[in-house]
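Data first, discussion second: the structure below is written as structure tokens.
The values are calculated or read from the model by the stated rules, or taken from the named source; none is laboratory data. This is a predicted model, so every value here is computed, not measured. Backbone-built Cβ (ideal geometry, glycine too); neighbour counts: all protein chains shown. Only protein heavy atoms, including side chains, enter the accessible area calculation; ligands, DNA and RNA are left aside. Shrake-Rupley method; radii C 1.70, N 1.55, O 1.52, S 1.80 Å.
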Amino acid sequence: MNVRDSEAVSALLEAAGYRHAATEDEADLVIVNSCSVREKAEDKALGKLGLLCATKRERPNRIIGLMGCMAQRLGEAVFRRVPKLDFAVGTRRNGAIPSLVKRVENGERNILEQSSPDEIPDAPEAHEDLGFSAFVTILLGCNRRCSYCIVPDVRGREYSRPAREIIAEISALAKHGVREVTLLGQSVMNYGRMNPVWFDDDPPSAGGFKEPFSRLLEAVSAVPGILRVRFTSGHPSGVTDELVRAMSSLPHICHHLHLPVQSGSDRILKSMRRGYTRAMYLEACNKLYTAMPDFVLTTDVIVGYPTETEAEFEETRSLMYEAKFGNAFIFKYSPRPGTPSAAMEDDVTDAEKCRRDEVLLEDQDRRGQALNEQLVGSIQQVLVEGRSLRNAARWSGRSDGNKIVVFEPTPAVREGTIVPVRIVRAAPQTLYGELV
Ligand code: 5AD
Ligand code: SF4
């Protein structure tokens, strides 16, 4: 989501006449986009801002700004931490950035723009010309309030953008060569639950879909030029029968879902206020695997949540095998100010969090290897991204299930097209193959 926000701000600044610097050193304006989800991310952003502001000694006209969740969370306090910071802008005020930069150019300092939790951003959904894959935000904020999470405080209340605005944005992207879109939201299947997104004069669903999100998938999948549609992140309550039917029957919808589980223990899930049990989560996975045998699930897990015992951690471990995750992001619990779980003692030691983190990473490597080996011999449809980062003689792209596929090129291969690749070798995170 932050990558997408940075891109939008960059495009707005370009529209206002600014140009990209070749390197950070050369830039006269640097804006740090921050994340508040864990303390470490905030510390990194503050460290970076400190270094950037120190360069003002030699370059007094250099402008340094802060955007994103940390600006929203800290407000005025951020100027006590970083006195030379020129501006800080909260999560739904990115559209104001070009005018803030102008005000700094005219001599103002320490400008703060925070947003209210339910304001609707007026920033047009600007994109840069970034190739054939694009992010599109469809839902802002989150109403869920998991016990450990700062996101609802900093990103505000759930608001779904009107469907016709989203479809117009994606149609414009497709005309500029975009072939793959990833629809973004904190709990993306909640699309259209809190505010109307479809209107009486919108065309009805051809497939008879009634849920706002399934209707959106149908409409996006029908945009000429779009070959792949992904969305993130999911919540098991959103895995309805209708969504499963939409994902399995509509063309272009990838058989991949990022479905954060956080824990495999019912007691911890309850304390986290996740709104599901282990059994409910696995039921959602089974529905997807049954309807789409090639389905790939990925996840987020938190280790060392307050009071998490060794046995409860082992339940997370076993769930990860049962759910057959293709990839997983593991996070060490970090208390966030003002969240309900911050009132609990952070009683799992850092050493123990590190150990649990490593155990899950090793498990994931083994599981990834085993799952990928099952794909050896199969033909994967690969969206070609370009030359492989590790070996420029090879090309790389992503499969429908979002796995990286590396293959030998032929002169006919072009970026942004989908090609069939037969898999000959597997690694935990990567598939290797040859063009068919
Ligand atoms: N501590 C550690 N990880 C967290 N996440 C969210 N809040 C916290 C926290 N306080 C993780 C969750 C979420 C991902 C984006 O970040 O796993 O899915
Ligand atoms: Fe945070 Fe939970 Fe909302 Fe995800 S669903 S953003 S973890 S409150």
Local electrostatic count at Ile268 - Lys and Arg +1, Asp and Glu -1, tallied over other residues with Cβ under 11 Å: +1
State the Cα centre-to-centre distance between region 258-277 and region 64-83 in whole Å. 32
Per the charge dipole of region 379-435 (beta-carbon charges, Lys/Arg positive, Asp/Glu negative, Cα centre), the residue among Ser399, Ala426, Val413 reaching farthest to the positive end is Ala426
Listed by chain and number, the aspartates and glutamates with an alpha carbon less than 20 angstrom from that of Lys44, same-chain partners under 8 positions apart left out, are Asp5, Glu24, Asp25, Glu76, Asp86, Asp350
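Where nothing but the Cβ of Lys and Arg (+1) and of Asp and Glu (-1) is charged, how large is the charge dipole of the chain around its Cα centre, in debye to the nearest 20? Can you show the working numbers first?
Numbers: 56 positive and 60 negative charges, 65 e Å.
For the chain, the charge dipole is close to 320 debye.
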With θ set to phi - 60° and the Karplus curve 6.51 cos²θ - 1.76 cosθ + 1.60, what are the ³J(HN,Hα) couplings of region 60-76 in order, to the nearest whole Hz, using x for Gly and Pro? x, 8, 5, 9, 10, x, 10, 10, x, 4, 5, 5, 5, 6, 7, x, 3
Taking amide H positions as placed in the peptide plane 1.01 Å from N, state which residues far from Leu29 in sequence (5 or more) or on other chains have amide H under 5 Å from it. Ile63
For Ser378, residues with placed amide H under 5 Å, excluding near neighbours: Ile423
Expressed per residue, the solvent accessible area of region 1-83 in Å² (1.4 Å probe) is about 52
Size of electric dipole in region 147-233: Cβ of Lys, Arg +1 and of Asp, Glu -1, about Cα centre, debye, nearest 20: 240
Expected 222 nm ellipticity per residue - DSSP helices of 4 or more, -39500 (n - 2.57), all of the chain, to 500: -10000 deg cm²/dmol
Region 149-174 and region 35-49 have their Cα centres apart by a whole-number Å value of 25
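So what's the net charge close to Val406: Lys and Arg +1, Asp and Glu -1, counting the other residues with Cβ under 12 Å from its Cβ?
On the way: positive: Arg387, Arg390, Arg394, Arg398, Lys403, Arg425; negative: Glu385, Glu408, Glu434.
Around Val406, the surrounding residues sum to +3.
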Which of Val3, Pro196, Leu282, positive extreme of dipole for the chain (C-beta unit charges): Val3
What is the percent carbon and sulfur in the accessible area of region 57-183, measuring with a 1.4 Å probe over the protein chains and ignoring ligands? 49
As I understand it, the dipole of region 2-113 uses +1 on the Cβ of Lys and Arg and -1 on the Cβ of Asp and Glu, about the Cα centre. Which of Gly17, Ala71, Ile97 lies farthest toward its positive end? Ala71
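Let me make sure I get this right: for region 33-101, a, b and c are the square roots of the gyration tensor eigenvalues over alpha carbons, sorted descending. Under 1.5 in a/c it's rounded, otherwise prolate if a/b > b/c, else oblate. Which is it? Let's see the in-between values first.
On the way: a/c = 2.02, a/b = 1.17, b/c = 1.72.
Judged from the Cα gyration tensor, region 33-101 comes out oblate (a/c at least 1.5, b/c at or above a/b).
Which of the three applies to region 306-436, rounded, prolate or oblate, going by the alpha-carbon gyration tensor with a ≥ b ≥ c and a/c under 1.5 meaning rounded? List each step's numbers first, then the result.
On the way: a/c = 3.36, a/b = 2.38, b/c = 1.41.
It comes out prolate by the Cα gyration axes.
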For region 284-436, which whole-number percentage of the solvent-accessible area (1.4 Å probe, protein heavy atoms only) is attributable to carbon and sulfur atoms? 53
What is the packing order of peptides 84-92, 1-9, taking the mean over residues of other C-beta atoms within 10 Å and listing the highest first? 84-92, 1-9
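What accessible area per residue, rounded to a whole number of Å², is obtained for region 133-373 using a probe radius of 1.4 Å? Write out the running numbers ahead of the final one.
Details: 9620 Å² over 241 residues.
Accessible area per residue: 40 Å².
Net charge near Arg394, counting Lys/Arg +1 and Asp/Glu -1 over other residues with Cβ under 13 Å of its Cβ?
Details: positive: Arg387, Arg390, Arg425; negative: Glu385, Glu408, Glu434.
That works out to 0.
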Which order, highest average first, do 31-38, 408-415 follow once you tally other Cβ atoms within 10 Å for each residue and take the mean per peptide? 31-38, 408-415
Interchain or sequence-distant (5+) residues whose placed amide H lies within less than 5 Å of the amide H of Thr299 are Leu259, Asn327, Ala328, Phe329
If you put +1 on each Lys and Arg Cβ and -1 on each Asp and Glu Cβ, how big is the dipole of region 149-199 around its Cα centre, in Debye rounded to 20? 100
Tensor-based shape of region 133-373 (alpha-carbon gyration tensor, a/c under 1.5 rounded, otherwise prolate or oblate): prolate
